[in-house]
1. Taking the residues in region 252-284 that are in contact (Cβ under 8 Å) with a residue 60 or more places away in the chain and part of a strand (DSSP E or B) as candidates, determine which candidate is nearest to Leu306 (Cα to Cα).
2. What's the number of the condition Ile203 fails, among (1) of a type in the set (A, V, I, L, M); (2) open to solvent by less than 20 Å² (accessible area, probe 1.4 Å); (3) in a strand (DSSP E or B)?
3. Using the structure shown, decide if Ile96 is open to solvent by less than 80 Å² (accessible area, probe 1.4 Å), modelled with pLDDT of 95 or more, touching a Ser or Thr at 6+ places or on another chain (Cβ under 9 Å) and hydrophobic (A, V, I, L, M, F, W, C).
4. Among the residues of region 319-332, is there at least one that is aliphatic (A, V, I, L, M), assigned to a loop (DSSP other than H, G, I, E, B) and in the same structural domain as Pro274 (by the TED database)?
5. Which one is least open to solvent (accessible area, probe 1.4 Å) among residues in region 303-314 that are assigned to a loop (DSSP other than H, G, I, E, B) and touching a Ser or Thr at 6+ places or on another chain (Cβ under 9 Å)?
6. Starting from residues that are closer than 18 Å to Arg17 by Cβ and of a type in the set (Gly, Ala, Ser), keep the ones in region 165-198 and report whichever is surrounded by the most Cβ atoms within 10 Å (Cβ to Cβ).
7. Please identify the pairs in which a residue from region 222-251 that is free of Cβ contacts under 8 Å to residues at least 40 places away in the same chain and more than 13 Å from Lys210 (Cβ to Cβ) has its Cβ atom under 7 Å from the Cβ atom of a residue that is open to solvent by less than 70 Å² (accessible area, probe 1.4 Å) and among the polar types (S, T, N, Q), counting only partners at least 6 apart or on another chain.
8. Condition first: of a type in the set (Gly, Ala, Ser) and not in a strand (DSSP E or B). Can you find one or more residues in region 161-169 that meet it?
Amino acid sequence: MDHAADAHRTDLMTITRFVLNEQSKYPESRGDFTILLNHIVLGCKFVCSAVNKAGLAKLIGLAGETNVQGEEQKKLDVLSNEVFVKALVSSGRTCILVSEEDEEATFVDPSKRGRYCVVFDPLDGSSNIDCGVSIGTIFGIYMMKDNHEPTLDDVLQPGKQMLAAGYCMYGSSCTLVLSTGGGVNGFTLDPSLGEFLLTHPDIKIPKKGKIYSVNEGNAKNWDGPTAKYVEKCKFPKDGSSPKSLRYIGSMVADVHRTLLYGGIFLYPADKKSPSGKLRVLYEVFPMSFLMEQAGGQAFTGKQRALDLVPTKIHERSPIFLGSFDDVEDIKALYAAEGKKE
C-alpha cells in the first residue's frame, strides 16, 4: 500500500458515500437502511473513543464505582450497550433489538418503530480491555417479514436471511468491516476527519491458509474430529509445512486476521460446553455471513452455519470458519466420524 500516495488522495470514499452508492442500485429504496447503518457507525465511533480512554479512565477517575458527583460509573460494556440501544432506537428504523448484554429482547416503542431487527454484541472480548488487546462490536441486521406486530420469531431466523452483517474492531486502528450481501468491504476510522474511509475494498479470503486459531487449553475436552484436525495442523502427514497457531481470545480480532490472511478459526463444542460457547445470533451468524461473502465457509460440525435455525435469542453453537479448503478438511473429518457411528 502506497501510504505517501494515500496521504494526498482527495477522492475520499467514506462509509456513508459507499452505502449511498449501494442504495442507488435499488431505485425502490427509501434510504431507511442507510439511516440505520449511519446510526450503527455513530455507535462504533463512540465506543472507539471510550475504549481508547479506558486505560486513562482509572487514572483520572472515569472508571471508579462512583465519581465525585455521586454518579454511578458504568463499565465499558454496559456503557457500549446503552449507546447502541439508544442509537438504534433513535434511528426510527428498528423494531427488535437483541443484545448480548440484555437477557430479554428490546421491542421498540410503536412511535419509533421501523422494519429492521438488529442483533449485536456491543463489546465482544471486553475482558481484554485492561491488557490492550483488540476488542470489537459485532452486528447483524434482519428485516421484518411483513407489517405485523413484531415477535421474537422475527429475529429467530436462520443466518442466511440476514440482510447485512459486520463488526468494528477497536485495535491499533479502528476498523469497520461490512457486508450488505454483495461482498465484504473494510473501512478505517480517520481520527482527523472523524470518518470511516474505504481502505479494504472487496475483501476475499485466501482459498487456503497457513494459520489455525483455537483455544488449545480446551484440548482434553474436544471431540474426535476437532482433535484430529488440530493434530493434522501441527503434524501434517502429506509432507506440507505445519500451520502456525495464532489465538488472541477476542473473536473479532481472531476473525479479522483469518479474513485477511486466511486459515481457520474454530470454537468447537467440548465436554465442558456441549453446545459450544459462541452465541448464534450475534457472533456466529454475522461472522459466518462475512466469511461466506468473502469466499470462505462456516460450519457448525453438523451443517452450514447460516442454515441453523435458532430457537432462543442467546443460543450457542460450535463454529469452524475461514478459508474454503481448510473448512472442507474439517467437514471431511466430521463426515468420516458420522459414517463410523
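The values are calculated or read from the model by the stated rules, or taken from the named source; none is laboratory data. It should be emphasised that the depicted structure is a prediction, and the values quoted were computed from it without experimental measurement. Neighbour counts are summed over all protein chains in view; Cβ atoms, including those assigned to glycine, are modelled from backbone coordinates with ideal geometry. Side chains included, ligands, DNA and RNA excluded: accessible areas come from the protein's heavy atoms. Shrake-Rupley method; radii C 1.70, N 1.55, O 1.52, S 1.80 Å.
1. Arg279
2. Condition not satisfied by Ile203: (3).
3. Values: open to solvent by less than 80 Å² (accessible area, probe 1.4 Å): yes; modelled with pLDDT of 95 or more: yes; touching a Ser or Thr at 6+ places or on another chain (Cβ under 9 Å): yes; hydrophobic (A, V, I, L, M, F, W, C): yes.
Yes, satisfied.
4. If we filter region 319-332 for residues that are aliphatic (A, V, I, L, M), which is where we start, we get 319, 321, 327, 330, 332.
The next check asks that each one be assigned to a loop (DSSP other than H, G, I, E, B); those that pass are none.
Checking region 319-332: not a single residue is aliphatic (A, V, I, L, M), assigned to a loop (DSSP other than H, G, I, E, B) and in the same structural domain as Pro274 (by the TED database).
5. Our first condition is that a residue be assigned to a loop (DSSP other than H, G, I, E, B); within region 303-314, this holds for 303, 308-314.
So of that shortlist, the ones also touching a Ser or Thr at 6+ places or on another chain (Cβ under 9 Å) come out as 308, 310.
Details: Leu308: 27, Pro310: 6 Å².
The extreme case among them is Pro310.
6. Going through the qualifying residues, I end up with Gly166.
7. Correct list of pairs: Tyr247/Ser213; Tyr247/Asn215.
8. Residues of region 161-169 of a type in the set (Gly, Ala, Ser): 164-166.
Now narrow it down to the ones that are not in a strand (DSSP E or B): none.
No; the residues of region 161-169 include none that is of a type in the set (Gly, Ala, Ser) and not in a strand (DSSP E or B).
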